[in-house]
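Below is one structure, written out as structure tokens; the observations come after it.
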Amino acid sequence: MIAQLKTNTEHKMKKSVEAFKADLAKVRTGRAHTGLLDHITVDYYGTATPINQVANVTLLDARTIAVTPYEKKLAGALEKAIRESDLGLNPATMGDAVRVPMPPLTEERRKELVKVVRGEAENARVAVRNLRRDANAALKDAFKKKEISENDERRTQDEVQKLTDRYIAEIDKLLHQKEAELSAV
């Protein structure tokens, strides 16, 4: 029971960190990267489909993404989906491909993005702490039901705390990397 609890808690904490990484990837810096468009969906025969499943997404240069649809008639729908996304990008159709230039970030926008990233990091930390709380509550219940000893409960709480510390440190490391990336001109 204890081993399963620790495994489940660690797995969920890992998922929280992965979700935080995905959120960080959506925050754009001045540089282009193909992962920026991963969460955008386009209407493909009545179905909302991720862009990377209906088009080839590549980098033309450090500041431009090229989106080449597998079917030429999708170019307009791709352009519309990118323009209406929450990224604030202004794509342009060039022949059968869509070019997505990355506008340079202003100093004000950089500071705003750092605040957004810090908020995302705090949300990830809270998620990890909530998982610790849930694990500790499960341990207390098991102790009350006499399924585990008091020593097992304390030892496992310490191990869960070490897991929590490890994943919060990883979140902080990712946050500092993204802040440095956003601050670099």
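Give me the residue from the stretch 114-151 that is among the acidic types (D, E) and out of contact with any helix residue (DSSP H, G or I) (no Cβ under 6 Å at 6 or more places or on another chain) and, out of that set, farthest from M1 (Cα to Cα).
Across the stretch 114-151, the extreme among qualifying residues is E122.
State whether one or more residues within the stretch 26-38 are over 16 Å from L89 (Cα atoms) and either modelled with pLDDT under 90 or surrounded by 15 or more Cβ atoms within 10 Å (Cβ to Cβ) (or both).
no
How about the stretch 129-181: which of its residues are in contact (Cβ under 8 Å) with a residue 60 or more places away in the chain and outside any helix (DSSP H, G or I)?
Selection gives E147, I148.
Output the residue which, of all residues in the stretch 101-122 that are surrounded by fewer than 16 Cβ atoms within 10 Å (Cβ to Cβ) and among the charged types (D, E, K, R), is modelled with the lowest pLDDT.
Within the stretch 101-122, the match that is modelled with the lowest pLDDT is R109.
For residues in the stretch 39-96 being among the β-branched types (V, I, T) and farther than 21 Å from A25 by Cα, which is surrounded by the fewest Cβ atoms within 10 Å (Cβ to Cβ)?
Among them, the one singled out is T47.
The values are calculated or read from the model by the stated rules, or taken from the named source; none is laboratory data. Not measured: the values here are computed from a predicted model. Don't worry about glycine lacking a Cβ; one is built from the backbone with ideal geometry, like all the others, and counts go over all protein chains shown.
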